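One structure below.
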Amino acid sequence: MMKLYRPDEIEKRSFEIITQEIGDIELDAKVAPIVKRVIHTTADFDYLHNLCFSENVINIALEAIKKGVDIVTDTKMALSGINKAALAKAGGKAYCYMADEDVARKAKEQNSTRASVSMEKAAELDKPLIFAIGNAPTALIKLDELIKSNKIKPVLIIGVPVGFVNVVESKELIMKSGVPYIVARGRKGGSNVAAAIVNALLYMAYPRES
């Protein structure tokens with residue numbers, strides 16, 4: 001007979017199953033919580049192999065979170081998935097400019113994408129930023145341009161857009177940008193993955209009571 005779990009037991013049991021199915025694959029202790037949370041979100045064990053982390057990125061991210069870093073996403077879905085209460089513990093806020101009227105207008109004028117223009121708008125924020133990109137490769141391409149022109153220096157880029165057009169290439173750009181990154185190499189990703197990575201970092205910075 002199938003056992004029914006209480007709501008507070010479901011996540012715990014899910015992570016137990018994930019750990020069991022990972023088996024003998026050894027994960028670095030610092031990246032394991034992120035990999036496992038992404039698998040928990042997607043039920044896709046390919047993330048054991050396609051999540052890439054730049055050197056010392058976890059320590060860099062956690063230090064920034066504890067200092068009140070802001071987060072910029074490329075979708076409302078990613079924005080809604082981020083734990084705002086945890087982010088706010090040090091004064092951090094989350095933003096998504098995709099639906100802003102000025103972004104839409106400028107994108108039309110430039111024959112560009114809203115995602116690209118929203119990165120330009122984010123570059124005007126006078127504060128350390130983490131970018132969580134789960135949908136638009138054009139956002140990553142624009143970030144790479146802004147980095148090269150010294151218009152922005154992100155604390156971290158979470159580059160996990162999903163799809164087929166320019167997705168793989170845009171992620172590779174970020175991995176060569178010199179900026180700390182967490183990237184899902186290949187075609188897989190999504191806004192839910194971007195939010196899951198952010199939340200994993202937040203829970204590492206501010207552990208939840210069990």
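Pairing the Cα long axis of helix 191-205 with the longest principal axis of the chain, what angle in degrees results, from 0 to 90 and rounded to the nearest 10? Value to nearest ten degrees: 70.
For TYR203, project a label point 7 Å along Cα to C-beta. Then give me every residue of segment 41-75 with its amide nitrogen under 19 Å of that point. It comes to 41-49, 51-52, 58-59, 61-63, 65-66, nothing else. Within the chain, the longest run free of trypsin sites (Lys or Arg not before Pro) that sit in a DSSP loop with at most 10 other Cβ atoms within 10 Å is 4-175. Helix 32-42 axis versus longest C-alpha principal axis of the chain: approximately 80°, rounded to the nearest ten.
Among all stretches of the chain without exposed chymotrypsin sites (Phe, Trp or Tyr not before Pro) (DSSP loop, at most 16 other Cβ atoms within 10 Å), which one is longest? Spell out each step's value before the answer.
Details: sites that count: TYR5, PHE45, PHE164.
Answer - 46-163.
Basic side chains Lys and Arg get +1 at the Cβ, acidic Asp and Glu get -1 at the Cβ, and with that the dipole of segment 1-129 about its Cα centre reaches some 540 debye. Centroid-to-centroid, using Cα positions, segment 116-150 and segment 1-54 are 30 Å apart.
Among the GluC sites (Glu not before Pro) in segment 1-103, those placed in a DSSP loop whose Cβ has at most 13 other Cβ atoms within 10 Å are GLU26, GLU55.
Taking Cα atoms only, the orientation of helix 57-66 departs from the longest principal axis of the chain by about 80 degrees.
Taking 0.36 nm per intervening residue step and subtracting the Cα-Cα distance, what contour gain separates ALA29 from ASP44 on full extension?
Details: separation 15, 0.36 × 15 = 5.40 nm, distance 1.98 nm.
Stretched fully, the ALA29-ASP44 segment lengthens by 3.4 nm.
No lab work stands behind these numbers, since they all come straight from the coordinates. The model shown is predicted, which means the values in this text are computed figures rather than measured ones. A quick note on method: Cβ atoms are made from the backbone with ideal geometry, for glycine too, and the neighbour counts reach across all protein chains shown.
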